[in-house]
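Student: A single structure is presented below for examination.
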Amino acid sequence: MISSITWTFTGRYFRLSSLFPQNVEMRRLLPVKRVIKQEVDKVEHTAVKVMNLKMYIDGEWKETSEKRPTINPATGEIIGYAAEGNERHVEKAVAAARQAFESGVWSELSAAERATYLFKIADKLEESKEEIAKLETLDNGKTYREAEADVEDAAACFRYYAGLITKPDGQTYNVAAPMQAMVVREPIGVCGLIVPWNYPLLMSVWKMAPALAAGNTIVFKPSEVTPVTPTKLFEILEEVSLPKGVVNLVMGKGDVVGEALVRHKQVDKISFTGGTVTGKRIMRAAAENVTNVSLELGGKSPNVIFADADFDTAVDYALFGIYAGTGQICAAGSRILVEEEIYEKFIEKFVERAQKIKVGPGNNPESEMGPLVSQEHMEKVLTYIEVGKQEGAKLVCGGKKLTEDSLKKGFFVEPTVFADVKPDMRIVQEEIFGPVVTVQKFKGEKEAIKLANDTAYGLAGSVFTNDGAKALRVIKKIRAGITWVNTYHFTFNEAPWGGYKQSGIGRGLGTFGLEEFQEVKQININLDVTPIGWFEN
Ligand code: NAD
């Protein structure tokens, strides 16, 4: 639940004003509430409103004694406080989801009845599009146009699964008489859904829509960095009157709340999206109970540009591939590979255009690229830029935090380009997850493929060429789950999303995404009910 609260000021206070610009309405002073590790100081008493985000367990909004601040990355100011859960909250949420699942209130509805709820959720998302998009911009930092597209995609995803679940499924087999064999699909049970901060709403929906369509009950954990739109989504889930316990929201630290969810014996499925390091940890933890896991992890995706490509289109999509979402997209085209004949020309044009990208707060319609999500993440990205310089890569564009007055309190980093990189450099091998791209030179198809596949990741990849056969030859050799020819980033609810190698296990979206949340049962029926006579006596 998102409610505005006015904190009552008693006792000691944290001084937060130094973090904020002077004129913003959300600048405020906050009472001591245990989790916030800020400077404790005596300050004047000013009553201000912030968002108060609660958890949702067994059909009720739950307050916690500990709260975690959530920050607007464009300004560094605190915009709200989210519930900080612990293992006990996970226990309650899983028990509620289990009870709801066993009771059949959701799983035993007809597919068409469940679809009715999903259609209503989609309608409500659309009705609140502007409000949700503004909240997303405020909490995650992405530009309003990116946030608006996310809400539209989220509504479309619910509609897609509402439609899909009512379509034929299962199989029958022509086997030896008198048997009849068939296969039915069933919900898995209680699903733990864990998502990152880069698409707080959309990643939630990519998991929730198929999980609910299939008849599962869920315990959902958003990233502690971006709890706002997931909470808003739960308000909508409450408004459509889903049966009690079917959807549960827990919040808090990954290694506390997330880990408790993954290790819980009563959780039948974990669907995780996040970093590869966390994914490995989750896989190890899930092994304890042989819990079914799907993992959507990181990437370091190649964007291969041949000399015969339409040059302006290739440059344009290469910019879109890396700088959309401030480079905080798992499938970002963070390694550009350019055929040697056009390498210099490409870098010149790419840098010229990268330097013109308007970086600014997501709520400014002029902004084309927003801030990074948090101070911590910005520091990680800036550290990678230093690593690149130390490794001897040529910094040809950007590389710095923006320091002009209106942006200096936010987490803005310039669009950054490294050229003349070597394949074994860390900035080529590791996911930076920011507006930082490396450009490499290659000679011919064979080398392009070799370099494209030369990381531990295998999420996405793209090829730009006007030779259709070459495009397909190269794409077929790229070890990645999501690929494009002469375009970048487009994806559809109908098509599977996921990676090869260390980019994950399983697929989201499409029919594949639904199957991730279904068990498959074989049923064999004897049509001649007489003894088999295997034993004589
Ligand atoms: P992260 O791995 O740090 O966290 C993701 C989620 O996992 C958060 O909710 C976090 O609280 C939780 N978590 C952390 N430790 C946990 C643990 N031990 N047990 C259970 N849960 C735990 O990732 P992030 O920094 O939030 O997101 C960025 C990463 O997500 C990038 O690597 C990006 O590539 C990846 N990503 C992948 C996809 C995809 O579809 N493949 C999509 C979006 C983001």
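Student: At least 3 residues that are closer than 21 Å to Tyr323 by Cα in each: list the strands (runs of 3 or more DSSP E) lying fully within region 421-537 that qualify.
Tutor: In region 421-537, the matching strands (runs of 3 or more DSSP E) lie at 436-442, 460-464, 482-485.
Student: Within region 122-141, which residues are out of contact with any helix residue (DSSP H, G or I) (no Cβ under 6 Å at 6 or more places or on another chain) and open to solvent by 10 Å² or more (accessible area, probe 1.4 Å)?
Tutor: Asp123, Glu127, Ser128, Glu130, Glu131, Lys134, Leu138
Student: Quick one: count up the residues across region 185-219 that are of a type outside the set (Phe, Trp, Tyr), outside any strand (DSSP E or B) and either within 16 Å of the ligand (Cβ to nearest atom) or open to solvent by 10 Å² or more (accessible area, probe 1.4 Å) (or both).
Tutor: Going through region 185-219 one residue at a time, the tally reaches 15.
Student: Which condition does Thr491 not pass, out of (1) more than 28 Å from the chain's Cα centre (by Cα); (2) β-branched (Val, Ile, Thr); (3) not assigned by TED's automatic domain parsing to the domain that holds Phe311, if it passes all the others?
Tutor: (1)
Student: Let me ask you something else. Does Gly398 satisfy the condition of being without any contact (Cβ under 8 Å) to a residue 60 or more places away in the chain, in contact with a Lys or Arg (Cβ under 9 Å, 6 or more places away or on another chain) and among the small types (Gly, Ala, Ser)?
Tutor: The answer is no for Gly398.
Student: Scan region 271-292 for residues that are surrounded by fewer than 24 Cβ atoms within 10 Å (Cβ to Cβ), part of a strand (DSSP E or B) and within 11 Å of the ligand (Cβ to nearest atom) and jot them down.
Tutor: none
Student: Somewhere in region 426-442, is a residue surrounded by 14 or more Cβ atoms within 10 Å (Cβ to Cβ), among the polar types (S, T, N, Q) and either modelled with pLDDT under 95 or in contact with a helix residue (DSSP H, G or I) (Cβ under 7 Å, 6 or more places away or on another chain) (or both)?
Tutor: yes
Student: Can you pull out the residues in region 489-513 that are over 14 Å from Ser294 (Cβ atoms) and touching a residue at least 12 places away in the same chain (Cβ under 8 Å)?
Tutor: Across region 489-513, the qualifying residues are His489, Thr491, Phe492, Asn493, Glu494, Ala495, Tyr500, Lys501, Gln502, Thr511.
Student: Between residues in region 188-216 that are free of Cβ contacts under 8 Å to residues at least 60 places away in the same chain and residues that are in a loop (DSSP other than H, G, I, E, B) and within 14 Å of the ligand (Cβ to nearest atom), which pairs lie under 6 Å by C-beta distance while being six or more apart or on different chains?
Tutor: The qualifying pairs are Ser204/Val195.
Student: Taking region 297-315, which residues are of a type outside the set (A, V, I, L, M), open to solvent by less than 10 Å² (accessible area, probe 1.4 Å) and touching a Phe, Trp or Tyr at 6+ places or on another chain (Cβ under 9 Å)?
Tutor: Listed by number, the residues that qualify are Gly298, Gly299, Lys300, Ser301, Asn303, Phe306.
Student: Within region 164-184, does at least one residue satisfy the condition of being part of a helix (DSSP H, G or I) and outside the structural domain of Gly434 (by TED's automatic domain parsing)?
Tutor: Among the residues of region 164-184, at least one is part of a helix (DSSP H, G or I) and outside the structural domain of Gly434 (by TED's automatic domain parsing), which makes the answer yes.
Student: Kindly evaluate Gly388 against the criterion of being in contact with a Leu (Cβ under 8 Å, 6 or more places away or on another chain), in the same structural domain as Ala460 (by TED's automatic domain parsing) and within 22 Å of Phe442 (Cβ to Cβ).
Tutor: Answer is yes for this residue.
Student: What's the number of the condition Lys501 fails, among (1) within 21 Å of Val184 (Cβ to Cβ); (2) surrounded by fewer than 22 Cβ atoms within 10 Å (Cβ to Cβ)?
Tutor: (1)
Student: Here's another thing I want to ask about it. Report, ordered by the first and then the second residue, all pairs with beta carbons closer than 9 Å, sequence separation of six or more or different chains, a first member in region 95-106 that is assigned by TED's automatic domain parsing to the domain that holds Val219, and a second member that is at pLDDT 95 or above and open to solvent by 60 Å² or more (accessible area, probe 1.4 Å).
Tutor: Correct list of pairs: Ala95/Gln266; Ala96/Lys244; Ala97/Gln266; Arg98/Gln266; Gln99/Lys244; Ala100/Lys244; Val105/Lys244.
Student: Moving on. Can you tell me which residue among Ile342, Ile347, Ile385, Ile357 is more than 22 Å from the chain's Cα centre (by Cα) and assigned to a loop (DSSP other than H, G, I, E, B)?
Tutor: One residue alone meets the criteria, Ile357.
Student: Still on this structure, please answer the following. So which of Tyr81, Tyr160 is aromatic (Phe, Trp, Tyr) and assigned to a helix (DSSP H, G or I)? Don't jump to the end; show me each part of the working.
Tutor: On the way: Tyr81 fails: assigned to a helix (DSSP H, G or I).
Only one candidate qualifies: Tyr160.
Student: Still on this structure, please answer the following. Residues of region 338-357 being closer than 25 Å to Lys409 by Cα and either among the β-branched types (Val, Ile, Thr) or in contact with a Ser or Thr (Cβ under 6 Å, 6 or more places away or on another chain) (or both), which ones?
Tutor: Ile357
Student: If you don't mind, there's one more thing I want to ask. Would you point out the residue of region 220-239, among those that are open to solvent by 10 Å² or more (accessible area, probe 1.4 Å) and under 17 Å from Glu113 (Cα atoms), that is nearest to the ligand (Cβ to nearest atom)?
Tutor: Glu238
Student: Looking only at residues in region 254-270 that are part of a helix (DSSP H, G or I) and of a type in the set (A, V, I, L, M), which one is nearest to the ligand (Cβ to nearest atom)?
Tutor: Residue satisfying both the conditions and the ranking: Val262.
Student: Another question about this same structure. Since Phe320 meets every condition but one in (1) open to solvent by 10 Å² or more (accessible area, probe 1.4 Å); (2) touching a strand residue (DSSP E or B) at 6+ places or on another chain (Cβ under 9 Å); (3) away from the ligand (no atom under 16 Å from the Cβ), which condition does it not meet?
Tutor: (2)
The values are calculated or read from the model by the stated rules, or taken from the named source; none is laboratory data. Here the structure is a predicted model, which is why all the values come from computation and not from measurement. With ideal geometry, Cβ positions are generated from the backbone for all residues, glycine too; neighbour counts draw on all protein chains shown. Note: areas computed on protein heavy atoms with side chains; ligands, DNA, RNA excluded. Shrake-Rupley method; radii C 1.70, N 1.55, O 1.52, S 1.80 Å.
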